[in-house]
Every structure is written in C-alpha cells, then in structure tokens.
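Peer 1: The structure that follows is given in the form of structure tokens.
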Amino acid sequence: MAHFAKIDRTGTVVDVVVIDDEVLKNNEGNEVEQKGIDFLSELFGGAPQWDWKQTSYNAVKGQHRVQRPPDVNGDYIEPLFGSKSCLRKNYAAVGGKYDYERDAFIPPRHDATHVILDEAACHWECPYQSRQLTDNKGAPLPYADTSEYTVNANMNPKGWVWDEQKKTYIKVLAFEEQRVNYTYDNQQHMWVKQYY
C-alpha cells in the first residue's frame, strides 16, 4: 500500500490516505509517484486547493526503518535503520507541515518555545536537559546537579517560525517566553500588566 499526504495551501498536512500500489505502476511495472498524485487529484480535486506528496510509513527522523520478523523463538528483533534511502525524512502527520525547501515532512510542534528543529532529521527536539551526570565534554560532574533544566550544549537554541511564502521553517533569534498577567488596579481604574 502507498501512503499520500493531502497538503493545504499553508503547507499543513490535513489528511493521509492509502492507495493500492497497482495505481502507481507504469507500463514497465515501476512505481511512479506522479501516477498516485494524478489519481488522487482526480478523485479529490487537486491544485490549487490541495497538494499531494507521497510519504513512507517507515520514515523516522531521516532514516528508513525496516521491521524484522520475530526470531525462531518468536522473540522481538529490533528494527534496522538506514538500510536504504529515506523518503521525505518522516511519515506525514496530520497537523504537521510539509517543508517545500527541505522536501521533508515535519511533525507538529508540541511546544512552541521549548523545542528546536533538528535540520538533519527534520524533527523537533528539546534542547533542555536536567540532572546532568557529566559536563559537556563527558567528564563526571564533581557535584550533584539539582537544576531543573539546562541547555544542551550540542543544540543551538534558536527560535523557529513558519514562512508562509516559502513554505519552510526558518531560524530566528532565540526568544524567551515572558509570563504576564493582567490585574485590575482600582485606584487607576485600568488593567495593569504584571510580570512574573
């Protein structure tokens, strides 16, 4: 079975559909993505309303996953990663984006300010870590780290925003979330910002 992502004008994945592999085959018996796109465009309506891109169920963080069958005892065997080229970095997720410049599916961002884009894997990663056991060079810490969170030195804590025109994520200066609350001041008869 072949999987295709239905993408809206903003680059957001709105659905993933499955079609028979036979639909993709040309006269020589080879699978051709464009045949699937043509089939789905005719079935659901195509550009300019929708864009279709093939996605692989086995694409995970820029690597192709091959699930091996259980061994002779029926025990689970870990999947193989990277044994062949990966189609568009990740399996398309509803609510995620298709990045046109990277030709990759990027999953939905689960936290707007506390994750960064790993550009090689096209996946959101958290740059913060807590309770470190070693320093940034791998040497044991001479004390017990009781901090809530620290920034992982291997990751660049830049901000990421979606560029609607280019349909890609771009780096911006790192930004910090500033919590604010509004309270009503009876003397001034107005709402006043209160930072905390």
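Peer 1: Which one of these does residue 158 not meet: (1) among the basic types (Lys, Arg); (2) at pLDDT 75 or above; (3) touching a Lys or Arg at 6+ places or on another chain (Cβ under 7 Å)?
Peer 2: All conditions pass for residue 158, except number (2).
Peer 1: Kindly check whether there is at least one residue in the stretch 59-66 that is assigned to a strand (DSSP E or B), in contact with an Asp or Glu (Cβ under 8 Å, 6 or more places away or on another chain) and not basic (Lys, Arg).
Peer 2: No, the stretch 59-66 contains no residue that is assigned to a strand (DSSP E or B), in contact with an Asp or Glu (Cβ under 8 Å, 6 or more places away or on another chain) and not basic (Lys, Arg).
Peer 1: OK, next. Restricting the stretch 1-15 to residues that are in a strand (DSSP E or B) and not small (Gly, Ala, Ser), which is farthest from residue 43 (Cα to Cα)?
Peer 2: 12
Peer 1: If you scan the stretch 91-107, which residues turn out to be farther than 14 Å from residue 15 by Cα and in a loop (DSSP other than H, G, I, E, B)?
Peer 2: Once the filter is applied, which keeps residues that are farther than 14 Å from residue 15 by Cα and in a loop (DSSP other than H, G, I, E, B), the stretch 91-107 yields 100, 101, 102, 103.
Peer 1: When the stretch 32-86 is examined, which residues are found to be at positive phi and over 26 Å from the mean Cα position of the chain (by Cα)?
Peer 2: So the first thing to find is which residues in the stretch 32-86 are at positive phi, and the list is 45, 61-62, 74, 82.
Result: 45, 74.
Peer 1: Another question, if that's okay. Please work out if residue 76 is exposed (fewer than 14 other Cβ atoms within 10 Å of the Cβ) and aromatic (Phe, Trp, Tyr).
Peer 2: Working: exposed (fewer than 14 other Cβ atoms within 10 Å of the Cβ): yes; aromatic (Phe, Trp, Tyr): yes.
Spelling it out, residue 76 is indeed exposed (fewer than 14 other Cβ atoms within 10 Å of the Cβ) and aromatic (Phe, Trp, Tyr).
Peer 1: Just wondering, is there one or more residues in the stretch 34-57 that are closer than 30 Å to residue 116 by Cβ, surrounded by 11 or more Cβ atoms within 10 Å (Cβ to Cβ) and touching a helix residue (DSSP H, G or I) at 6+ places or on another chain (Cβ under 6 Å)?
Peer 2: Yes, the stretch 34-57 contains at least one residue that is closer than 30 Å to residue 116 by Cβ, surrounded by 11 or more Cβ atoms within 10 Å (Cβ to Cβ) and touching a helix residue (DSSP H, G or I) at 6+ places or on another chain (Cβ under 6 Å).
Peer 1: Right, another one. Exactly one of these conditions fails for residue 18: (1) surrounded by fewer than 11 Cβ atoms within 10 Å (Cβ to Cβ); (2) touching a residue at least 12 places away in the same chain (Cβ under 8 Å); (3) assigned to a loop (DSSP other than H, G, I, E, B); (4) not small (Gly, Ala, Ser). Give me its number.
Peer 2: Residue 18 satisfies every listed condition except (3).
The values are calculated or read from the model by the stated rules, or taken from the named source; none is laboratory data. Here the structure is a predicted model, which means the values were calculated and not measured. Cβ sites come from the backbone with ideal geometry, for glycine too, and all protein chains shown count toward neighbours.
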